[in-house]
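Student: What follows is a single structure, and I will ask about it in a moment.
Only the coordinates and a few stated rules stand behind these numbers; no lab work does. Model, not experiment: these values are computed from the prediction. Glycine gets a Cβ as well: all are built from the backbone with ideal geometry, and neighbour counts include every protein chain shown.
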Amino acid sequence: MCFQRPARNCARIEERSRLSLYPTLGYVLSVILIGVVLTTNLAFAGTAGTEHLVKRHFEQGVHFVEIGVYDQALAEIQKVLELQPNNSEAYCFLGDVYQYQEMYNEAADAYQRALTLNGSIQTRGIANWCLGIIYNKQGKFLEAEKYGKEAVSLLPDAAWTHYRLGNIYTQRGKLDEATGAYQKAIQLNPELAEAYRGLGRTALMQDDPETAIQYYHSAVQRNPYEESAYYNLAKAYRRANQFEQAKSQMELFREVKAYQDAVQDYRKKLKNNPSNVSLYAELAKVHLEINNIDAAIQEFNIVTSLSPALALGHYNLGALYMQKGEVQPAIEAFQKAIELDENDTEPYIRLGWIFASQKKFDLAKFYLQGALERDSRLWEAYQGLGEIYAQEGALNDAIAAFKALTEIQPKSAAGWLRLGTIQVKAKQFDEAVHAFQTAIQTDPDLPDSYNNLAWLYADRNMNLAQAVTLAEKAVALNPSGSNLDTLSYAHYKNRNYPEAEHMIQRALEIEPNRDQYLKLLKEIQNARKINGK
């Protein structure tokens, strides 16, 4: 089935997955143009009602472009032109849609028409920019340079105009001018990966592989999903006689190319079936396999746009936002999922965890209890409630929650361990001993269970020899400062002061300024003086 739930405990995202997938040309144009249209007063002849219709058709056109339904996007823009035949923004957007369809001559005609009309500086700048791109693609380099320069003149603070002009200069062999244009783009937007790739290209063309390597690495840092950067990095390393690095970059190139090829396969399928939400969900899965969270979010935004009543689409979108650390859109997506399907417990649990992390405990309890009302055996909900009650100081309620968890998950060593820890705080020492012992039986390799039981025995002056044995086991599994502190404390209670001092000194080597360790060291040293040991 295409619509699968992401795991609740999202895997740790690698560093590169936090970087955005740079949008395509058409997506950039759509965003820019809708901003122009929706933030201007549409000062064309016509009534207020006409302007309202124009705005609505523009919004619909952009929506259809974003989901790849280009024929309907064209129909919406044609409706704008029927209402306002001299609307330059509409012609500019028409060119955008034609570019999506690879109808470059028609696109160029639309942009040229936009320039004959009374449009905004932003619209004229975009039209010139796009004409520069089209003519550069068609090998009309003189015209490309002319329009590229005009775009920079009209929009001097837009990094993408300088970057594209740099590409035109590169095609013409004007490498110094290209370098200057790319550097200006980076000055305006230091995260523009394309500009770094351009600088890498000009460095290679000038036979400077070391500089090219630096620029291509900067590009990969900012966008790790563009295969050409890896290919050219491999080329630069080979020219620098660094063959192992070249081999490594070629392996990355093949990996990223396979990913991009898979994406393009889905794009072709979607071109023939642009309303198939399952294809978008499958494409999101392809993005997630390479940890491209931003791109997966884009796909699920389209899913929820095409199928707004699909609760699972909103849930998956929320899970992706949560994985990316964007909390507010995650909350909104989960709440929408609940609105559409109030019996699905998953969004309740997610919202409970989010609000608990924000210390909005009343809201967190509301959602976690809501989950349990729908399924009383959700151990995750009991875990969340138990932690909230513990933070609120409601220890008996916390204990009850973790007891419920261990009844549902009797093999959860972590659940038994947490139950025992809270029982110690509640001074339920016998119950805590049982919980820690059960945790050890359930998972003999969990060091905290040995450590906690050792500390409890030592602090209660019971089973002191066993306390040392347990603490030694904890240290063997994990020689952390806290475990060494417990072992020291157990030796101290057994009056083995030399070994106690040796262990606390080891703990202080790990955490030199921890007051707890320093206090125990002082107690041990005083005991040695008094007892002559």
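Student: Tabulate in residue order the Karplus-calculated ³J(HN,Hα) for region 117-122, using 6.51 cos²θ - 1.76 cosθ + 1.60 with θ = phi - 60°, rounded to whole Hz; enter x for Gly and Pro.
Tutor: 9, 8, x, 6, 4, 4
Student: Roughly how large, in nm² to one decimal, is the mean projection of the convex hull of the alpha-carbon atoms in region 251-343?
Tutor: 6.1
Student: Normalising by the residue count of region 116-214, find the relative contact order in percent from Cα pairs under 8 Å and 6+ residues apart.
Tutor: Here the relative contact order equals 19 percent.
Student: Normalised by the empirical 2.2 N^0.38 Å for globular proteins, what value does the Cα Rg of region 292-383 take?
Tutor: Taking N as the residue count of region 292-383, the ratio is 1.05.
Student: Let me ask something else about it. Using the charge dipole of the chain (Lys, Arg: +1 at Cβ; Asp, Glu: -1 at Cβ; taken about the Cα centre), state which of His491, Tyr266, Phe355 has its Cα farthest towards the positive end.
Tutor: Going by the Cα projections, it comes out as His491.
Student: Calculate the length of the line joining the C-alpha centroid of region 111-133 to that of region 183-251, in whole Å.
Tutor: Taking the Cα centre of each part, region 111-133 and region 183-251 sit 32 Å apart.
Student: Evaluate the relative contact order of the chain (contact order divided by residue number), counting alpha-carbon pairs under 8 angstrom at least 6 apart; express in whole percent.
Tutor: Worked out over the chain, it gives 7 percent.
Student: Additional query: Reachable aspartates and glutamates from Lys519, Cα under 14 Å, same-chain residues fewer than 8 places away excluded?
Tutor: By straight Cα distance, Lys519 reaches Asp485, Glu501, Glu511.
Student: Further, regarding this structure: So what's the back-of-envelope 222 nm ellipticity for the chain, counting only DSSP H runs of four-plus at -39500 (n - 2.57) apiece and dividing by all residues, rounded to 500?
Tutor: The helix contribution divided over the chain gives -25000 deg cm²/dmol.
Student: Check the straight Cα-Cα distances from Lys324 and name the lysines below 22 Å, setting aside those fewer than 8 residues away within the same chain.
Tutor: Answer for Lys324, where 22 Å is the Cα cut-off: Lys285, Lys336, Lys359, Lys360, listed by chain and number.
Student: On to the next question. Where a Cα-Cα gap under 19 Å defines reach, which lysines qualify for Lys427, not counting those fewer than 8 residues away within the same chain?
Tutor: Lys403
Student: Relative contact order (percent) for region 210-337, with alpha-carbon contacts under 8 angstrom and 6 or more residues of separation?
Tutor: It rounds to 14 percent for region 210-337.
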